[in-house]
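The values are calculated or read from the model by the stated rules, or taken from the named source; none is laboratory data. All figures in this text were calculated on a predicted structure; none of them were measured in a lab. The area values use the complete protein model at the heavy-atom level, side chains included, leaving out ligands, DNA and RNA. Shrake-Rupley method; radii C 1.70, N 1.55, O 1.52, S 1.80 Å.
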Amino acid sequence: MATEELSAATCALPEALRLDLTRRIESGELQLPMLPEVARKLLSEEFRERATAREMGELIHRDQTLAGNILRVANSAAFSAGVPIVSLQQAVVRMGLERIRELTMAVVLESGVFQVPVAKERVLALWKHSAAAGAFAKEVARVRRANVEGAFLCGLFHDLGKPVVLLALFEACKQKREAPSEDLQAAAVKELHVPAGHFLARRWALPDSVGDAIASHHLAEQGEPVSDHAVTAALGSHLARWALEQGDGEPAREEMIRDALWPRLNLYPSDAETVLSKKAEVVKFAEAFG
Amino acid sequence: MSARYDVAVVGSGPAGQKAAIQAAKAGRRVAVIEKQSSAGGACVHFGTIPSKTLRETTLAWNAFRRKTRETVDLKLPENTKVAALMAHLDAVIRGHQAYIGDQLRRNGIDYVQGIARFKDPHTLAVRRIDGGLEEVGAGIVILAPGSRPRTPPEVPVDHEHILDSDSILSLIYLPASLTVLGAGVIACEYASIFAALGVKVTIVDKGPLPLGFLDPEISRRYLAGFEALGGTFKGNAKHEQAEFDGLEVSLRLANGEDVRAEKLLCTLGRVACLDGLNLEAAGLCSTDRYIAVNEHFQTQVPHIYAAGDVIGPPALAASSMEQGRRAACHALGLPAGERSALTPVGIYAIPEVASVGLSEPEAIKQFGGCMVGRARFAELARGHIAGITDGLLKIVADAAGRKLLGVQIVGEGAAELIHLGQMGLIHGCDVDLFIDYVFNFPTLAEAYRVAAFDLIEQRQARAVGSVAAGA
């Protein structure tokens, strides 16, 4: 199932299940998994001992669980000095490479990575999509001369709620010893992924712009007046879908250039061409650990 | 779709606005073609207005700290959001855009959003944001597309770690350290603003002093102020390569030194926005960086004019406005008034710097000598009241110490104060003017009187010396 199909529900979510999922999500007990390959790399002795700042920086940008946890700890009372940490780069500089190394190890061990419990292919696709959306959102911000680091986080986390909802659903169904149907998965994701993502963003103390992008990126797609963060995240998501799921065909490319979100950011077809020209780099980034 | 106008203006920055308004006021049908959805150009969106807004907040913050330091010890928290420091920027920009937009509408000027490209000397093809095309035909074309930062290949600007003056204010947090490459106006403005906000700033430049085009005494004063804010200047330093290493940006110098900081701002000049204009189709050719014009801002194609940054220095908003107005006047055969060579320069650094007329070295070069009067703001009551005691006003007079030739000022209020000197210069006044008339007290303008007294004292001392020598 492609990432877009997760939102295409054909059945309604039963009220009791909706309440159960909401309770599970808000309990804070769900632990998002990490990409196995990212975790493996972080655990490897060579990486632990010799990773440069650049390698470490690249790695933490690829995995939303790792990125979110780094921001959560960076924003904790022990580190933040009362002022929000709003980018991964800022967190790396403020916390120092050694502390980031320790923290990434702790996240790997906590994340239950070796028990990627459910719908592994789907979770992997979501991770790839979020990494690509983040990378494309960065390119959009570059062209606009807007903040690149903030745009990346908005793209990376815009659908943070989807894996959380899936995880909660599989947990709920585990007790009944039955896997949730495709339709039920789609219904749960459609109904709950925005509030779930927004809840987690608040819990992780992610920047306000990220919470805003999570809450409003679908409204941007509907042409509603929303912030540039939300439009950038939505555009990053469209670009990710184009790059990862729609092949190299010219019609898809043309359609992407005509996407109605570009003018919302005062971007011209020539700007769109510039962003689309980064496809190979973005795909390589998103698939490096997939 | 095709529309026909008397005058088409490409760009809506200071030069484009004034050209369009002048032409519309003369009763002509005018279109402004602009890439952005609202008028104002880089001046409003990336340059003058945003940077001055940040500077204003910084000054207010520093003044508050200075005036309350006996009672509270205030410090900006590390990682302060830049956006929080520019909280009222959106309101400032919206206000400015609304005012410019209203002005264009009031004058019946059509606003065409798109990217212009010459189809022939009288026709511009405009690529709309939705990808569609329309044509604008015009008897007169005034080019005012502005400029963009120059980014040499050895400084790979990514707008993330290595920024230019278009992206520096997109930062969402104050970096712990910043390298500023270049020491011109934009460099020195941003360097001092960030230093005043507590960022560890290092300016790197090939020249021996920052603001090297100014009187060295003034440049040294700026440097002293910058260093007092905690800034460092590395002069006579040739850069080789900038690179982000995953943690910091490293700037390698020719002497082997490695200057490192969390972010780097590249300010190595600006280049005209000529890409895509297809000047050849209009019969125009450009120099490497700019469009060549005559004294009326007319290009080699008589009905095409150019004004503002696109024609090169001084590339100041104030001079661009006047160039735009004059271009429209000449194109329409209207009198534009006498053109003054006396353009004041205002540098919105901390401390502020301004200059008009000749500097001391220029006067010596031009006339073989000069006499200089100085006033330190520490000698002014207003300076003490406002906590501005580190300023300097310098009056440059002829060798006899009488005729006013120029004024240079370093210190808060310099860009406003300079206009008194400009008026004196325009009217060919003697320095005695500043003594003969009463100024408000206490004011910083009193510095003119103090400097004039200094000159008159020197004049009298010289006269006494001459008499003594003659006796």
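Entry comment: accessible area of segment B:1-136 is 48 Å² per residue, from protein heavy atoms only and a probe of 1.4 Å.
In whole percents, the pair-distance distribution calculated for segment A:141-237 from its alpha-carbon pairs, binned every 5 Å from zero, is 3, 15, 22, 20, 16, 11, 7, 4, 2, 1, 0. For residue B:234, the lysines whose Cα falls under 30 Å of its own Cα, not counting residues fewer than eight places away in the same chain, are B:52, B:75, B:81, B:200, B:206, B:263, B:365, B:394. Sequence-ordered 3J(HN,Hα) estimates for segment B:340-353 from the Karplus curve with 6.51, -1.76 and 1.60 and θ = phi - 60° stand at 8, 7, 8, 9, x, 10, x, 10, 8, 8, 10, x, 5, 10 Hz, glycine and proline given as x. Pairing the Cα long axis of helix B:446-470 with the longest principal axis of chain B, what angle in degrees results, from 0 to 90 and rounded to the nearest 10? Rounded to the nearest ten degrees, it is 50.
Once backbone amide H atoms are built at 1.01 Å from N, residue B:292 has B:287 as its partners under 5 Å, excluding neighbours fewer than 5 places away on the same chain. Summarising the strand pairing of chain B, around 55 percent of its internal DSSP beta bridges are antiparallel. Solvent-accessible area of residue B:285, probe 1.4 Å, all protein chains present, reported in Å² to the nearest ten, please. The value for residue B:285 is about 80 Å².
For residue B:403, a cut-off of 17 angstrom between C-alpha atoms picks up these aspartates and glutamates, skipping any fewer than 8 places away in its own chain: B:360, B:362, B:430, B:432, B:436, B:454, B:457. Over segment B:21-146, the ratio between the Cα radius of gyration and 2.2 N^0.38 Å evaluates to 1.50.
Helix B:216-228 and the longest principal axis of the Cα set of chain B meet at an angle near 90°.
Less than 5 angstrom separates the built amide H of residue B:237 from those of B:205, B:206, B:207, all sequence-distant by 5 or more or on a different chain. For chain B, the longest principal axis of the alpha carbon atoms and the long axis of helix B:414-426 meet at an angle near 90°. Remark: relative contact order (segment B:164-305) = 23 percent; criterion is Cα-Cα distance under 8 angstrom and separation of 6 or more residues. Based on DSSP H segments of at least four residues, each scored -39500 (n - 2.57), chain B has a per-residue ellipticity at 222 nm of -10500 deg cm²/dmol.
Once the 1.4 Å probe is applied to the protein heavy atoms, segment B:322-400 comes out at 43 Å² accessible per residue. Histogrammed with a bin width of 20 Å, the alpha carbon distances of chain B distribute as 22, 50, 26, 2, 0 percent, first bin at zero. If you wrap the Cα atoms of chain A in a convex hull and average its projected area over all directions, you get 15.0 nm².
Remark: segment B:34-39, residue by residue, has Karplus-estimated 3J(HN,Hα) of 9, 5, 6, 6, 10, 6 Hz, where x stands for each Gly or Pro and the curve is 6.51 cos²θ - 1.76 cosθ + 1.60 at θ = phi - 60°.
For chain B, the relative contact order works out to 15 percent when only alpha carbon pairs closer than 8 Å and six or more residues apart are counted. The distance separating the Cα centre of segment B:110-144 from that of segment B:151-172 comes to 30 Å. Here the Karplus relation 6.51 cos²θ - 1.76 cosθ + 1.60, evaluated at θ = phi - 60°, turns the backbone of segment B:146-155 into coupling constants of x, 9, 9, x, 8, 10, x, x, 6, 10 Hz, with x for every Gly and Pro.
For segment B:167-207, the alpha carbon positions stretch 31, 19, 13 Å along the principal axes, listed from largest to smallest.
Going from the isolated chain to the complete set of protein chains, segment A:258-290 loses at least 20 Å² of heavy-atom accessible area (1.4 Å probe) at A:263, A:266, A:268, A:269. Treating each Cα of segment B:140-222 as one equal point scatterer and applying the Debye formula with no solvent, the log10 of I(q)/I(0) at q = 0.24 Å⁻¹ comes out as -1.27. Please give the total accessible area that chains B and A bury against each other, computed with a 1.4 Å probe and expressed in Å² to the nearest 100. Counting protein atoms only, the buried area is about 2700 Å².
Strictly over 32 Å apart at the Cα level, which of B:18/B:119; A:128/A:174; A:41/A:176; A:138/B:35 would you flag in this model? Pairs exceeding the cut-off: A:41/A:176. Give the percent of DSSP beta bridges with both residues in the protein assembly as shown that are antiparallel, rounded to the nearest 5. Counting DSSP beta bridges with both partners in the protein assembly as shown, the antiparallel share is about 55 percent. Apolar share of the accessible surface for the protein assembly as shown: 52 percent from carbon plus sulfur atoms, 1.4 Å probe. Once the partner protein chains are put back, segment A:45-69 shows a loss of at least 20 square angstrom of accessible area, versus the chain by itself, at A:53, A:54 (probe 1.4 Å, ligands and nucleic acids excluded).
Relative contact order, whole percent, for segment B:230-382 stands at 9, derived from Cα pairs under 8 Å and 6 or more residues apart. At 222 nm, what value in deg cm²/dmol follows for chain A if DSSP H runs of at least 4 each add -39500 (n - 2.57) and the sum is divided by all its residues, to the nearest 500? Counting only the DSSP helices, I get -21500 deg cm²/dmol.
Per-residue surface analysis assigns residue A:254 an accessible area of about 70 Å², computed on protein heavy atoms at 1.4 Å probe radius. Three principal axis extents describe the C-alpha atoms of segment B:379-441; from largest down they are 34, 22, 20 Å. When only alpha carbons are used to place a centre, segment A:30-78 and segment B:281-352 end up 54 Å from one another. The mean accessible area for residues of chain A, using a 1.4 Å probe and ignoring ligands and nucleic acids, is 42 Å² per residue.
Among the helices of chain A, those built from whole DSSP H runs whose Cα atoms reach 30 Å or more along their own axis and whose mean Kyte-Doolittle hydropathy is at least -0.5 are A:120-144. Can you work out the base-10 log of I(q)/I(0) for the protein assembly as shown at q = 0.04, 0.05, 0.09 1/Å, using the Debye formula on its C-alpha atoms alone? Debye curve over Cα of the protein assembly as shown, log10 I(q)/I(0) at q = 0.04, 0.05, 0.09 Å⁻¹: -0.21, -0.32, -0.93.
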